[in-house]
1. Looking at this structure, is Asp86 more than 25 Å from Glu131 (Cα to Cα), open to solvent by 60 Å² or more (accessible area, probe 1.4 Å) and modelled with pLDDT under 95?
2. Looking at region 58-83, which of its residues are part of a helix (DSSP H, G or I), open to solvent by 40 Å² or more (accessible area, probe 1.4 Å) and farther than 23 Å from Leu143 by Cα?
3. List pairs: first in region 115-138 and among the hydrophobic types (A, V, I, L, M, F, W, C), second open to solvent by 60 Å² or more (accessible area, probe 1.4 Å), Cβ under 7 Å, 6+ apart or cross-chain?
4. When residues of region 1-50 are filtered for being among the polar types (S, T, N, Q) and closer than 24 Å to Tyr137 by Cα, how many remain?
5. Tally time: how many residues in region 149-177 are assigned to a helix (DSSP H, G or I) and closer than 27 Å to Leu118 by Cβ?
6. Inspect region 85-93 for any residue being in contact (Cβ under 8 Å) with a residue 12 or more places away in the chain and not in a helix (DSSP H, G or I) and give the result as yes or no.
7. Which one of the conditions (1) β-branched (Val, Ile, Thr); (2) open to solvent by 10 Å² or more (accessible area, probe 1.4 Å); (3) touching a helix residue (DSSP H, G or I) at 6+ places or on another chain (Cβ under 7 Å) does Val105 fail to meet, given that it meets all the rest?
Amino acid sequence: MEDVLQDAEVRIQHGDFESAIGLLQNILADEPDNPRALADIGVAFTESGENRKAMKALDFCLKLEPENVEALEAMGCSYLRESEYDPARRYLEQARDADPGNASVLRNLSVLYSQIGLQKESQECLQKSYEINPHDYLTLYALSFSYLNSGDGEKAAETLSNLLEMEVPEDIRALAEQQLVRIQHDD
């Protein structure tokens, strides 16, 4: 079972959500109260846009393990993607409080804060996320937009240049290159 869970988690990391969901459904058919499989399938559902399915799995996981940071974060992200900002904030802040050094939680909390108009808090979360994990391209990408929104095109360009030196998915690379051209053009 452990090997199958690890395989599903690798598939999630590589964006292969459909096959990960299939593996996790097989695990949950045998072990419906496996918190790790529930959290993982919740993440996979969230990432594949099936937020309501994610919420059901994550709710069950959180009944079993109320402090499961991965499940709290995924639940917050599911609500965020549904534009339900109050529960999104509650879950993401609870995840941050449970694991203040989790760069992913801080990045997602930053996105939420930005959506609800808390720009200073958003940028603080991104900065901390970047300090914890300077190799997370999603944080760098979000940080570049935060700098742009605050009027600091120079820092935004520097951040995008750093991102482009990393190995990143082609869609992110293309977006970062386009944004960098726009910034340089505006100078």
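1. Answer is no for this residue.
2. Across region 58-83, the qualifying residues are Asp59, Phe60, Lys63, Leu64.
3. Here the result reads Ile116/Tyr85, each pair linking region 115-138 to a residue that is open to solvent by 60 Å² or more (accessible area, probe 1.4 Å).
4. 4
5. 14
6. No, region 85-93 has no match at all.
7. Condition (2) is where Val105 drops out.
The values are calculated or read from the model by the stated rules, or taken from the named source; none is laboratory data. If you're wondering where the values come from, they're calculated on a predicted model, not measured in any experiment. Please note: Cβ atoms are built from the backbone with ideal geometry, for glycine as well, and neighbour counts cover all protein chains shown. Note: accessible area is taken over every heavy atom of the protein model, side chains too, but ligands, DNA and RNA are not part of it. Shrake-Rupley method; radii C 1.70, N 1.55, O 1.52, S 1.80 Å.
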